[in-house]
Amino acid sequence: MNPVIDTTELAAALRSAEPPVLLDVRYRLGGPHGLPAYRAGHLPGAHFADMDAELSAKPGGDERGRHPLPDPEDFAAAMRRAGVSADRDVVAYDAADGIAASRAWWLLRYFGHERVRVLDGGYAAWVAAGHPVDASDPEPGAGDFTPVPGGMPVLDADEAAQLARDGVLIDVRAAERFRGETEPVDPVAGHIPGAVNMPETSVAGPGGLLLGADVLRERYEALGAFPGARVGAYCGSGVTAAHAVLVLERSGIEAALYAPSWSGWIADPRRPVAVDPAG
């Protein structure tokens, strides 16, 4: 299944006899909570998925990073309340760029649900296309989703370090953070030695719509990431890198996620830190 769906496809799917479950994952690091925006208007029937309370465990300042993966049963309970079932498609969306929505996509895939996609351009694209929105809260769902971990490849810290040496480990943070020139979020600046940088902001065009698969495939190949290669991705806390995994999959490239990402890497002060572009 293509991990991305456009507004036309989604509108048709919502008119079908078996419409997908919709997850509204509006979230911005350091910004206002997404719930007020959801209540002001969302796709009809969409359930709000809370990044911090449902799509992450509570951070503990340890090697799990700032957005630890949620407990499987806690995550599954949240998905069942949203109506997620094994035999029903799911579409996640956010404000526009798909980064937050990809966290839900990746978690559902990791926990065994294969029929999930992200709306290209998110809520902004839906509204711009003239499709209807709603401001009412839907009734709690009655899904039957059961988590089975292991549906997506993951890396631990040692595996991420090894991949940076003999594969392709992509750091998707801003270039100045990768180079160690600034670090607005985490207490240590720099990157995992050997990693390469491709900021996730570079994969989308105006309105948050993804660039063409051919264009992105060329950019990934320039980094050494191509179908069949050993590829991984990380960011600050594992959220943005989930979007990278989605975009790589759309380009025909399987990638593993280092979920703790930079915030987890630096939790152990013995781990090396690189601050030059060459890594």
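Under the convention that each Lys and Arg Cβ holds +1 and each Asp and Glu Cβ holds -1, the size of the dipole of the chain around its Cα centre is about 200 debye. Electrostatic tally near Leu223: other residues with Cβ closer than 12 Å to its Cβ, Lys and Arg +1, Asp and Glu -1, net -1. Charging the Cβ of each Asp and Glu at -1 and of each Lys and Arg at +1, and nothing else, the dipole of the range 10-54 about its Cα centre rounds to 220 debye. Extending 7 Å from Cα along the Cβ direction at Asp276 and again at Ser202 yields two label points whose distance is 2.0 nm. The protection proxy used here, the mean number of other Cβ atoms lying within 10 Å of each residue, ranks peptides 65-71, 52-58 as follows, highest first: 65-71, 52-58. Rounded to the nearest 10 degrees, the inclination of helix 213-222 to the longest alpha-carbon principal axis of the chain is 10 degrees. Summing Lys and Arg as +1 and Asp and Glu as -1 over all other residues whose Cβ lies under 15 Å from the Cβ of Leu43 gives a net charge of -4.
Computed from backbone phi with θ = phi - 60° and the Karplus coefficients 6.51, -1.76 and 1.60, the 3J(HN,Hα) list for the range 107-116 is 4, 4, 5, 4, 8, x, 9, 8, 9, 9 Hz; x is used for glycine and proline.
Full extension of the chain segment joining Ala13 with Ala128 gains 39.6 nm, where the gain is 0.36 nm per residue of separation less the Cα-Cα distance. Extension gain, Asp87 to Val215, is 42.7 nm, computed as 0.36 nm per intervening residue step minus the present C-alpha separation.
From its DSSP helices (H runs of at least four residues, each -39,500 (n - 2.57)), the chain gives a residue-normalised ellipticity at 222 nm of -8500 deg cm²/dmol. Only Lys, Arg, Asp and Glu carry charge here, each on its Cβ (+1 for the first two, -1 for the last two); on that basis the range 179-240 has a dipole of about 160 debye about its Cα centre. Each of Ala13, Trp106, Ala95 was placed along the dipole of the chain (beta-carbon charges, centred on the mean Cα), and the one lying farthest toward the positive end is Ala95.
With a Förster radius of 35 Å applied to the C-beta separation of Lys58 and Ala229, the computed FRET efficiency comes to 0.50. With angles folded into 0 to 90 degrees, how steeply does helix 239-250 sit against the dominant principal axis of the chain? Use alpha carbons for both and round to 10. Relative to the chain, helix 239-250 is tipped by roughly 80 degrees.
For the chain, the fraction of 1.4 Å probe accessible surface lying on carbon and sulfur atoms is 53 percent. Normalised by the number of residues in the range 133-274, the mean separation of alpha-carbon contacts (under 8 Å, six or more apart) gives a relative contact order of 27 percent.
Collect residues whose amide H, placed 1.01 Å from N in the peptide plane, falls under 5 Å from the amide H of Arg117; neighbours closer than 5 in sequence don't count. Counting only residues 5 or more places away or on other chains, the set is Val90, Val91, Ala92. Accessible area per residue for the chain, computed on protein heavy atoms with a 1.4 Å probe, is 43 Å².
The values are calculated or read from the model by the stated rules, or taken from the named source; none is laboratory data. Everything quoted here is computed from the prediction, not taken from an experiment. Heads up, the Cβs are rebuilt from the backbone with ideal geometry, glycines too, and the neighbour counts pull from every protein chain shown. Calculation scope for accessible area: heavy atoms of the full protein, side chains included, ligands and nucleic acids excluded. Shrake-Rupley method; radii C 1.70, N 1.55, O 1.52, S 1.80 Å.
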